[in-house]
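Novice: Pasting in a structure now, in structure tokens, and then I'll have a few things to ask.
The values are calculated or read from the model by the stated rules, or taken from the named source; none is laboratory data. The structure displayed is predicted, hence computed values, not measured ones. Methodologically, a virtual Cβ is constructed for each residue, glycine included, from the backbone with ideal geometry; neighbour enumeration extends over all protein chains shown. Protein only, heavy atoms only, side chains kept; ligands, DNA and RNA dropped before computing areas. Shrake-Rupley method; radii C 1.70, N 1.55, O 1.52, S 1.80 Å.
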Amino acid sequence: RVGRYVSPTVVSYLERIQVNGKWIPEETFAELTDIVRKAIVRMEAAGHTSPTVFEAETAIAFLYFQKTGCDLVVLEAGLGGALDATNVIDPPLCAVFTSISMDHIGVLGNTLAEIAADKAGIIKSGSAVVTAPQSPEVRHILQSRAKDFGCPFYEVDPEHIQIHSEDYLGTQLSYREFSRIFTPLAGTWQKDNAAAALETIRFLRSRGYRIPDTAVRTGFQKTVWPGRFTCLNRRPLFFADGAHNESAARRLKDSLVTYFPGKRLIFLMGVFRDKEYEKIAALMGPLAKSVYTVSLPDEGRTLSAEALAETMLGFCKEDTPIRAVSSVSLAVAEALANAEADDIIIAFGSLSYLGQVMQIVGEKKR
């Protein structure tokens, strides 16, 4: 029985807490929330600081995993690692790192080294460490932390990744002893994530966990990760991708250039103003045939549609139409109306509005 705690969510709030791939039932969530609410009241009465919303959510998740008797839990840090609410746990069996890049600047740190050091805070004595390919600077930080705490260190070897086929519908690859594994997760970067998952499985097997090859193959085939280069429509092709920082935008650009050379690209964008939106614009702007910008639901953090459109003007070709649109539904409608059958539409930026995009596109397909 496997628990899963992730954030942010795209489709439903309840998807952040799952057991065996099923969301926590709404009634159970309400029941556990009430238990946590009463605990917060007791804390405040005793003079303690009230926990943050994320800390309360994490407590609810832990209660649910205990209630359901999970054998393993995939626990994603919400922000960084060292001071994240999830990091109150005893040493994890395995601390797993996907690619670390510049993100949450000013909160986790102002340099890549500072951000990597914060994220490395989930490494504790008694853990193993698995990492996807990293820059030399990040790799040194993770490896040094692992050495300081006596943790075995495993890293993906790109030379052992063999790609058999790859397109916007997914990737078939082999890695070490795993042959021709197919993942429907599209994006040129997913091979590194897949290999990191396989390295983690290799470690778990070495610790006595029975994970048959058939389970590995089936697990990869059934993996769903909404908002990560997710195909929503076929003609025209319509994708949703949470490329919200420079590194993610670079990977999205690489996928678009690889999968769709010469195709007309129509962009729908919404970003937070505390993200590297100018760097995102610099990478993506030159590719755009047309651009629709939107404001995000979080009015306190959003970069306005007008300001984003103004930013894109500096990076798109002179004849590229750029339009600030008053709503996400109108932006989707206009993008679909102006797209030819062979064009590619990509909604990207913050994950916070992609659920709405998915819902709108899904309703238009009916």
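Novice: Can you return the lysines within cross-link range of K38? Criterion is Cα-Cα under 21 Å, with same-chain partners fewer than 8 residues away left out.
Specialist: Within the straight-line limit of under 21 Å, K38 reaches these lysines: K67.
Novice: Right, here's the next one. Accessible area per residue for segment 313-366 in Å², computed with a 1.4 Å probe and the full protein assembly in place, what is it?
Specialist: Roughly 51 Å² per residue, with all protein chains present.
Novice: Follow-up. By how many degrees, 0 to 90 and rounded to 10, does the Cα axis of helix 246-259 deviate from the longest principal axis of the chain?
Specialist: For helix 246-259, the angle is close to 60 degrees.
Novice: Cα atoms only, segment 38-104: Rg and Dmax in Å?
Specialist: Taking only Cα atoms of segment 38-104, I get Rg and Dmax of 14.2, 42 Å.
Novice: On the protein heavy atoms, probe 1.4 angstrom, tell me the percent of accessible surface of segment 97-219 carried by carbon and sulfur.
Specialist: That fraction is 51 percent.
Novice: Could you go through segment 280-294 in sequence order and give the Karplus-derived ³J(HN,Hα) for each residue, using 6.51 cos²θ - 1.76 cosθ + 1.60 with θ = phi - 60°, rounded to whole Hz, and x for Gly and Pro?
Specialist: Along segment 280-294, the couplings run 4, 4, 5, 6, 8, x, x, 7, 6, 8, 7, 9, 10, 10, 9 Hz.
Novice: Quick one: Cα centre-to-centre distance for segment 144-170 and segment 172-248, in angstrom?
Specialist: So the two Cα centres are separated by 12 Å.
Novice: So which residue, out of A95, A120, A46, gets the largest mean-square fluctuation from a GNM of the chain using Cα contacts under 10 Å as springs?
Specialist: Looking only at A95, A120, A46, the biggest GNM fluctuation is shown by A46.
Novice: Using modelled amide H (1.01 Å from N, peptide plane; none on Pro or chain starts), what sits under 5 Å from the amide H of E155, excluding residues fewer than 5 places away?
Specialist: HN-HN under 5 Å from E155: T131.
Novice: Can you give the three extents of the C-alpha atoms in segment 86-240 along their principal axes, from longest to shortest, in whole Å?
Specialist: Answer, in whole Å and largest first: 50, 41, 30 Å.
Novice: Which value results when the Cα radius of gyration for segment 217-366 is divided by 2.2 N^0.38 Å?
Specialist: Its radius of gyration relative to the 2.2 N^0.38 Å reference: 0.98.
Novice: Also, quick follow-up: On the Cα set of segment 1-69, report Rg and Dmax in Å, please.
Specialist: Looking at segment 1-69, its Cα Rg and Dmax stand at 12.7, 39 Å.
Novice: A further question on this structure: Going by average Cβ neighbours within 10 Å, how do the peptides 182-195, 290-303 rank, with the highest at the top?
Specialist: Ranking, from highest mean packing down: 182-195, 290-303.
Novice: If you don't mind, another one. Using only helices, what value at 222 nm comes out for the chain when you add -39,500 (n - 2.57) per DSSP H run of length 4 or more and divide by the total residues, to the nearest 500 deg cm²/dmol?
Specialist: Mean residue ellipticity, 222 nm, calculated: -11500 deg cm²/dmol.
Novice: Can I ask one more? Report, ordered by chain and residue number, the lysines lying within cross-link reach of K124, taken as a straight Cα distance under 17 Å and ignoring same-chain residues fewer than 8 apart.
Specialist: K147
Novice: What ranking, highest mean first, results for peptides 170-177, 270-277 when packing means the other Cβ atoms within 10 Å averaged over each residue?
Specialist: The most tightly packed comes first, giving 270-277, 170-177.
Novice: Starting from the amide H of A128, placed 1.01 Å from N in the peptide plane, find each other amide H under 5 Å away whose residue is 5 or more places distant or on another chain.
Specialist: It is C94, A95, by chain and number.
Novice: Run the accessible area of segment 1-74 with a 1.4 Å probe and give the carbon-and-sulfur part as a rounded percent.
Specialist: Its accessible area is 57 percent carbon and sulfur atoms.
Novice: Further question on the same structure: Once you've got the Cα coordinates, tell me which of K119/K275; K253/K279; K275/K365; K279/K317 are over 21 Å apart.
Specialist: Distance filter (> 21 Å) returns K275/K365.
Novice: Calculate log10 I(q)/I(0) of segment 128-178 for q = 0.15, 0.16, 0.18, 0.23 Å⁻¹, where I(q) comes from the Debye formula with a single equal point scatterer on each Cα and nothing for solvent.
Specialist: Computed log10 I(q)/I(0) values: -0.55, -0.60, -0.69, -0.86.
Novice: Moving on. Tell me the per residue accessible area of segment 125-185 using a 1.4 Å probe; a whole number in Å² is fine.
Specialist: 51
Novice: Mind pulling the angle between the C-alpha long axis of helix 136-148 and the longest principal axis of the chain? Nearest 10 degrees, somewhere in 0 to 90.
Specialist: 10
Novice: Something else about it: Determine one quarter of the surface area of the Cα convex hull of segment 192-275, which equals its mean projected area, and express it in nm² to one decimal.
Specialist: For segment 192-275, averaging the hull's shadow over all directions gives 7.9 nm².
Novice: Still on this model: Over the chain, what is the relative contact order in percent, taking alpha-carbon pairs closer than 8 angstrom and at least six residues apart?
Specialist: Relative contact order comes out at 13 percent.
Novice: Separate question: So what's the angle, to the nearest 10 degrees on a 0 to 90 scale, between helix 26-45 and the longest Cα principal axis of the chain?
Specialist: Helix 26-45 sits at roughly 70 degrees to that axis.
Novice: Which of the peptides 73-85, 211-223 is most tightly packed, and how do the rest follow, going by the mean number of other Cβ atoms within 10 Å of each residue?
Specialist: Those peptides, ordered most packed to least, come out 73-85, 211-223.
Novice: What does the charge add up to near G270, with Lys and Arg as +1, Asp and Glu as -1, over the other residues with Cβ less than 14 Å from its Cβ?
Specialist: Around G270, the surrounding residues sum to -1.
Novice: Give, rounded to the nearest 20 debye, the magnitude of the charge dipole that segment 1-145 has about its Cα centre when Lys and Arg contribute +1 at Cβ and Asp and Glu contribute -1 at Cβ.
Specialist: Its charge dipole is roughly 300 debye.
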